[in-house]
Amino acid sequence: MPEAGGGLADLADLAAKLIGDDAGAWDRAGRIPVDVLRELGAAGALCAQVPPSHGGPGLSSRDNGELTAFVGSLCSSVRSVMTSQGMAAWAVQRLGDAAQRARLLPELCRGRLAAVAFSEPAAGSDLTAMRASIRREGDRVVVDGAKVWCTAAATADLLVVFGRYEDGAAAVVVPAGAPGVRVRPIADAHGCRAAGHADIDLDDVRLPVDHLLGGTAQALPMLITTVLAYGRMSVAWGSAGILTACRQAAAAHATTRHQSGRPLAGHQLVARHLAELYVAEQNALRACEHASARWDSGSAEMVVATVLAKQVSATGAARGAEIAMQVLASAGAHDGHVVARAHRDAKLMEIIEGSNEICQLILARHTVEALPARTGR
Amino acid sequence: MTISSAGPAASAQVESSIQQFLEKRLKATVAPDFDIFASGTVTSMFAMELVVHLEQTFGIMIAGPDLRMDNFRTIVSMTGLVLRLRETGGA
């Protein structure tokens with residue numbers, strides 16, 4: 001097994017070994033064995049951009065993206081756990097102070113599992129409507145609220161919960177076993193069924209004040225934008241992985257299945273499906289590579305490039321999975337099949353971490369801002 | 001905002017660099033004490049661009065409590081943040 005600090009290839013090998021041929025069975029069962037997640041976590045694979053100085057593999061955005069796409073091509077549920085734990089680690093890295101980074105990040109690379117909790121019954125695309133409250137009482141913080149659809153929360157040891165705090169907002173690291181925390185797994189998720197989605201109730205949860213990341217109130221939009229950026233990048237690469245799986249399955253089926261005296265790929269209308277899958281996969285990969293290159297060079301363009309990659313990949317995966325279903329037809333139309341999973345999983349990628357519509361609003365705004373300055377005077 | 005011991009020359013250099021980035025990005029003249037968030041046209045997405053830009057340009061890390069929106073409100077406040085983090089290394 002690779003040590004934490006193992007490179008992309010070692011982590012990908014480990015993921016392939018641990019996932020094996022089990023993704024379909026996990027999908028049908030609605031759960032990933034927690035030992036699998038702990039082993040991936042202990043190698044740092046679930047949050048592989050954590051730097052070596054904090055006990056992580058220290059992968060670049062590009063290499064972590066390649067790992068995410070690879071895992072996404074095998075099992076979107078495991079990949080969703082990576083997205084959630086990665087966001088939790090990113091929240092600690094960006095929002096936490098030096099002591100919190102030093103304490104929490106190594107734990108997240110040694111097998112402790114973490115999830116993030118943003119959405120609420122009345123706060124989805126508009127997260128600024130969130131009502132969960134964090135308040136200070138002496139040397140404690142007290143957390144109250146209800147969170148919904150928290151990916152990987154069912155297996156998480158730590159929950160990074162976002163809520164209102166003083167005149168702004170904050171994120172607090174809540175042990176899943178703390179008194180007052182109730183994690184209610186969602187048994188019938190449409191997609192990424194084994195990723196451990198859960199709703200969370202927090203009732204008068206009292207924690208030491210050093211669990212409050214950064215120790216101070218922040219502007220809620222800044223917190224959300226910062227942490228979601230990592231999630232969007234992860235979803236973008238994961239969606240590219242879904243497209244790779246769909247392209248491979250469709251091409252394999254179209255060359256082995258014969259109808260009307262020739263392989264499916266010899267029928268022009270089916271051949272077009274294969275071409276469209278290839279275009280969608282390559283588009284997604286290029287958009288992801290473009291965005292990750294900007295993360296790795298520290299370019300301010302990474303902000304918009306990330307949203308673009310998420311939009312291109314998620315919409316491409318949703319459409320690509322439909323196409324692959326069409327090519328596989330009855331061969332792929334049963335739960336657990338790679339293409340059936342892709343069909344359900346990809347749809348969710350158009351919803352989470354900024355729906356298609358939210359991403360479109362951001363991109364539309366960017367096109368307006370990019371207009372040249374008016375020179376008429 | 002804390003006044004840095006780095007001296008007025010360093011301060012002017014940082015201020016001018018930030019001003020150039022903002023004016024290029026916002027396509028408008030931006031005075032050092034102009035509150036870029038007050039107009040409502042600047043979003044949290046842009047605030048994040050500013051964070052990344054300042055980190056890259058000045059070789060600093062802006063994390064934890066330093067991400068407060070007030071630090072990015074004006075060229076003056078951003079300059080103060082950059083100079084302080086260059087000296088202390090941040091939270």
If we scan region B:23-32, do we find a residue that is more than 8 Å from every other protein chain (Cβ to nearest Cβ), open to solvent by 40 Å² or more (accessible area, probe 1.4 Å) and on the phi > 0 side of the Ramachandran plot?
no
Residue pairs, Cβ under 7 Å, 6 or more apart or interchain, first in region A:349-370 and under 22 Å from B:ARG25 (Cα atoms), second aliphatic (A, V, I, L, M). List them.
A:CYS359/A:VAL307; A:ILE362/A:VAL307; A:ILE362/B:MET45; A:LEU363/A:VAL307; A:LEU363/A:LEU308; A:HIS366/A:VAL304
Is it fair to say A:LEU104 is over 19 Å from the mean Cα position of the chain (by Cα), hydrophobic (A, V, I, L, M, F, W, C) and surrounded by 23 or more Cβ atoms within 10 Å (Cβ to Cβ)?
yes
Hits in region A:264-310 (condition: among the polar types (S, T, N, Q) and away from chain B (no Cβ under 14 Å)):
A:GLN268, A:GLN282, A:ASN283
Only one of (1) at pLDDT 95 or above; (2) more than 27 Å from A:ASP22 (Cα to Cα); (3) buried (at least 16 other Cβ atoms within 10 Å of the Cβ) fails for A:CYS109. Which number is that?
(2)
Checking the condition open to solvent by 20 Å² or more (accessible area, probe 1.4 Å) and within 11 Å of chain A (Cβ to nearest Cβ), which residue from B:MET61, B:MET48 passes?
B:MET61
Over region A:210-227, the set of residues in a helix (DSSP H, G or I) and over 23 Å from the mean Cα position of the chain (by Cα) is A:ASP210, A:HIS211, A:GLY214, A:GLY215
Listing of helices (runs of 4 or more DSSP H) fully contained in region A:271-377 that carry 2 or more residues being among the β-branched types (Val, Ile, Thr) and in contact with a helix residue (DSSP H, G or I) (Cβ under 8 Å, 6 or more places away or on another chain):
A:302-328, A:338-349
Report yes if A:LEU46 is among the aliphatic types (A, V, I, L, M), at pLDDT 95 or above and open to solvent by 10 Å² or more (accessible area, probe 1.4 Å), otherwise no.
no
If you go through region A:197-209 one residue at a time, do you hit one that is in a loop (DSSP other than H, G, I, E, B) and away from every other protein chain (no Cβ under 14 Å)?
yes
Looking at (1) in contact (Cβ under 8 Å) with a residue 40 or more places away in the chain; (2) surrounded by fewer than 18 Cβ atoms within 10 Å (Cβ to Cβ); (3) part of a helix (DSSP H, G or I); (4) more than 9 Å from chain A (Cβ to nearest Cβ), find the lone condition where B:ARG84 falls short.
(2)
Considering region A:219-241 alone, what residues qualify as being farther than 20 Å from A:ARG62 by Cα and crowded, with 24+ Cβ neighbours inside 10 Å?
A:LEU223
Within the group A:ALA171, A:ALA254, which residue is touching a residue at least 12 places away in the same chain (Cβ under 8 Å) and not in a helix (DSSP H, G or I)?
A:ALA171
Per the filter on region A:76-124, residues within 14 Å of chain B (Cβ to nearest Cβ), small (Gly, Ala, Ser) and touching a residue at least 12 places away in the same chain (Cβ under 8 Å) are A:ALA89, A:ALA91, A:GLY96, A:ALA99, A:ALA102
Tell me the residue from A:ALA265, A:ALA249, A:ALA240 that is assigned to a helix (DSSP H, G or I) and farther than 24 Å from A:LEU348 by Cβ, please.
A:ALA265
Pick from region B:64-79 the residues that are open to solvent by 20 Å² or more (accessible area, probe 1.4 Å) and facing chain A (nearest Cβ under 9 Å): which of them is nearest to A:LEU363 (Cα to Cα)?
B:MET69
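The values are calculated or read from the model by the stated rules, or taken from the named source; none is laboratory data. What you are looking at is a predicted structure, and each value in this text was computed from that prediction instead of being measured. Neighbour counts are summed over all protein chains in view; Cβ atoms, including those assigned to glycine, are modelled from backbone coordinates with ideal geometry. SASA here: full protein model, heavy atoms, side chains in, ligands and nucleic acids out. Shrake-Rupley method; radii C 1.70, N 1.55, O 1.52, S 1.80 Å.
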